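The values are calculated or read from the model by the stated rules, or taken from the named source; none is laboratory data. Keep in mind the model is a prediction, meaning the values are calculated, not measured. Using ideal geometry, Cβ is built from the backbone for each residue, glycine included, and neighbour counts are taken over all protein chains shown.
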C-alpha cells in the first residue's frame, strides 16, 4: 500500500461526506437538476473508492468506517431530497420506510452498546443493497419512482440490516469488512 493511494482513496470517500451539506442545500432550495447530478456523482464515487481500495489492497478500519458514515450521510441527503421533491411518495410508503428505520436504529444501537461505534461490515448483501439504493434514488430524481425497484430495494436493505444485526449479536469483537453470515459460519468450522 502506498501512502498516496491511501490518501487518494480516502479523499474520494471524504468528498462524499463534504458533498452532503451541498446536497441538502440544493434540495432545500429546490435546485433538483443540480442535486440529481451531484447525488449521482456521490453514488459513483462510492462505487469507485471501494473498487480501488480492494484492487490496490488499501483496506483499513479507518477507511471502512468513513465509507460507512459517508454512505449513511448520502442516503440521508437523498431522503431529504425525496421528501422535499415528492413527499406524497414517502408518506404513501411510510410503513416499509418505518420498518427499515427501526431495523437501522436497532442495528446501530446494538453496535454502539456492544462496540461503542457503528459497524462497517460491508457484507456482500450490503453491497448489493447499496447498488439498488443508488439505482432507485437516481431514477427517482431523474425520472420518477419505479415502485417495483422501490420494493426490491426495501427487501434487499431489510435483509442486509437483519444480517448486520445477527452479525453484531454473533461477533464478540469489532470487525470491518465481514463478507456475511455464511462466510462467518464457514470460517468457524
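Here are 35, 43, 62: which of them is at pLDDT 95 or above and part of a helix (DSSP H, G or I)?
Working: 43 fails: at pLDDT 95 or above; 62 fails: at pLDDT 95 or above.
Only one candidate passes the filter, namely 35.
Starting from the range 101-117, keep only residues that are closer than 15 Å to residue 71 by Cα, then list their pairs with residues that are modelled with pLDDT under 95 whose Cβ atoms are within a distance under 7 Å, requiring at least 6 positions of separation or different chains.
Once the first residue is closer than 15 Å to residue 71 by Cα and sits in the range 101-117, its partners that are modelled with pLDDT under 95 give 108/118.
Go through the range 144-189 and give me each residue that's in a helix (DSSP H, G or I) and farther than 30 Å from residue 90 by Cα.
169, 170, 181, 182, 183, 184, 185, 186, 187, 188
Rundown of residues vs (1) within 24 Å of residue 111 (Cβ to Cβ); (2) out of contact with any helix residue (DSSP H, G or I) (no Cβ under 8 Å at 6 or more places or on another chain); (3) crowded, with 19+ Cβ neighbours inside 10 Å, yes/no style:
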| residue | (1), (2), (3) |
| --- | --- |
| 22 | no, no, no |
| 35 | no, no, yes |
| 40 | no, no, no |
| 48 | no, no, no |
| 57 | no, yes, no |
| 64 | yes, yes, yes |
| 69 | yes, no, no |
| 73 | yes, no, yes |
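With surrounded by 15 or more Cβ atoms within 10 Å (Cβ to Cβ) and at pLDDT 85 or above as the only criterion, which of 126, 53 stands out?
126
Which residue is modelled with the lowest pLDDT, if the candidates are limited to the range 75-117 and must be surrounded by 14 or more Cβ atoms within 10 Å (Cβ to Cβ) and under 18 Å from residue 14 (Cα atoms)?
Filtering first and then ranking leaves 75.
I'd like to know if the range 138-147 contains one or more residues that are surrounded by fewer than 16 Cβ atoms within 10 Å (Cβ to Cβ), under 21 Å from residue 45 (Cβ atoms) and touching a helix residue (DSSP H, G or I) at 6+ places or on another chain (Cβ under 6 Å).
Yes; the residues of the range 138-147 include at least one that is surrounded by fewer than 16 Cβ atoms within 10 Å (Cβ to Cβ), under 21 Å from residue 45 (Cβ atoms) and touching a helix residue (DSSP H, G or I) at 6+ places or on another chain (Cβ under 6 Å).
Just wondering, is there one or more residues in the range 117-125 that are within 24 Å of residue 33 (Cβ to Cβ) and part of a helix (DSSP H, G or I)?
Step one: list which residues in the range 117-125 are within 24 Å of residue 33 (Cβ to Cβ), which gives none.
For the range 117-125, residues within 24 Å of residue 33 (Cβ to Cβ) and part of a helix (DSSP H, G or I): absent.
For the range 3-32, enumerate the residues that are outside any helix (DSSP H, G or I) and without any contact (Cβ under 8 Å) to a residue 40 or more places away in the chain.
Hits for the range 3-32 are 29, 31.
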